[in-house]
1. With respect to the numbered conditions (1) crowded, with 24+ Cβ neighbours inside 10 Å; (2) within 21 Å of Lys17 (Cβ to Cβ), which one is the sole condition not fulfilled by Asp129?
2. Kindly provide the set of residues from the range 69-102 that are among the polar types (S, T, N, Q) and either over 28 Å from His156 (Cα atoms) or out of contact with any His (no Cβ under 7 Å at 6 or more places or on another chain) (or both), ordered by number.
3. If you check every pair at least six apart or on different chains, which have Cβ atoms under 9 Å apart with a residue in the range 161-179 that is farther than 15 Å from Thr127 by Cβ first and a residue that is surrounded by 15 or more Cβ atoms within 10 Å (Cβ to Cβ) and among the acidic types (Asp, Glu) second?
4. Restricting to the range 5-47, give me the number of residues that are without any contact (Cβ under 8 Å) to a residue 12 or more places away in the chain, surrounded by 12 or more Cβ atoms within 10 Å (Cβ to Cβ) and either aromatic (Phe, Trp, Tyr) or farther than 25 Å from Trp73 by Cα (or both).
5. Counting only residues that are buried (at least 16 other Cβ atoms within 10 Å of the Cβ) and more than 17 Å from the chain's Cα centre (by Cα), which one in the range 155-168 is nearest to Trp131 (Cα to Cα)?
6. If the requirement is being out of contact with any Leu (no Cβ under 7 Å at 6 or more places or on another chain), at pLDDT 95 or above and on the phi > 0 side of the Ramachandran plot, which of these qualifies: Asn72, Asn153, Asn166?
7. Do we have Lys2 as within 14 Å of Cys102 (Cβ to Cβ) and either surrounded by fewer than 22 Cβ atoms within 10 Å (Cβ to Cβ) or of a type in the set (Ser, Thr, Tyr) (or both) here?
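The values are calculated or read from the model by the stated rules, or taken from the named source; none is laboratory data. Just so you know, these numbers come straight off a predicted model, no measurement behind them. Every residue, glycine as well, gets a Cβ built from its backbone with ideal geometry; the counts of neighbours run over all protein chains shown.
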Amino acid sequence: MKKIACLFPGIGYTCDKPLLYYSWKLLKGLGWEIVPVQYGGFPSGVKGSAEKMRQCAYMALEQAEKILQEINWGEYSDILFIGKSVGTVVCAAYAKHHGLHCRQILFTPVVETFRFADRSSIVFHGTADPWADTKAIEAACKKLGIPLRKTENANHSLETDDVDANIREMRKVMRIVRDYAAAEQEKVRSGAHPHEYATAAPENRDITEI
């Protein structure tokens with residue numbers, strides 16, 4: 001069974017930064033084909049500007065279309081999109097526009113992401129994220145039935161000022177990434193259709209304590 005994972009970075013949070021770098025290494029070690037979707041050329045002064053955020057998302061989506069155009073998605077039994085910040089908008093929009101049955105790991109999404117995301121996703125959010133209001137993220141996840149993992153007092157990089165705590169948190173996050181990635185394959189081996197697997201509980205499972 002072929003499986004592919006595409007990484008959609010943020011504006012300044014590239015694929016060589018912790019959340020995406022370790023996801024890449026982890027999944028590659030588990031036999032996934034990895035495709036980093038590298039885009040750029042964004043305007044400055046995006047933070048706090050909904051208009052510029054939408055502009056960045058549109059620019060990144062256009063570039064993603066070109067980067068991914070040669071991929072035959074039908075060759076893969078499992079597709080996983082991993083997005084960070086504006087990259088969560090891009091991966092969710094791309095999947096929806098192309099009708100792809102794929103799961104998505106959404107690191108520190110912005111509110112715009114939830115126009116396209118669905119319950120096949122999982123969300124990671126820091127409660128001190130200046131780019132996304134916690135109550136708005138909680139409400140969006142609850143409405144769509146998306147599992148939400150919150151890191152208390154963490155910023156848009158899912159980090160705090162405590163380095164030791166950040167390292168411990170990264171280990172927990174990567175354990176969830178690993179288990180989430182493995183779950184679909186277990187479903188396939190059991191004979192179920194690969195996209196019958198649902199990660200979300202009906203009442204918006206909050207997995208902060210994992």
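1. (1)
2. Once the filter is applied, which keeps residues that are among the polar types (S, T, N, Q) and either over 28 Å from His156 (Cα atoms) or out of contact with any His (no Cβ under 7 Å at 6 or more places or on another chain) (or both), the range 69-102 yields Gln69, Asn72, Ser77, Thr88.
3. What qualifies is Met170/Glu159.
4. Qualifying residue count for the region: 2.
5. The residue in question is Thr160.
6. Going through Asn72, Asn153, Asn166 in turn, the sole match is Asn153.
7. It is true that Lys2 is within 14 Å of Cys102 (Cβ to Cβ) and either surrounded by fewer than 22 Cβ atoms within 10 Å (Cβ to Cβ) or of a type in the set (Ser, Thr, Tyr) (or both).
Condition check ((1) in contact with a strand residue (DSSP E or B) (Cβ under 7 Å, 6 or more places away or on another chain); (2) surrounded by fewer than 20 Cβ atoms within 10 Å (Cβ to Cβ); (3) touching a residue at least 60 places away in the same chain (Cβ under 8 Å)) across all residues:
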residue: Ser85; (1), (2), (3): no, no, yes
residue: Ala95; (1), (2), (3): yes, no, no
residue: Leu100; (1), (2), (3): yes, yes, no
residue: Ile105; (1), (2), (3): yes, no, yes
residue: Lys135; (1), (2), (3): no, yes, no
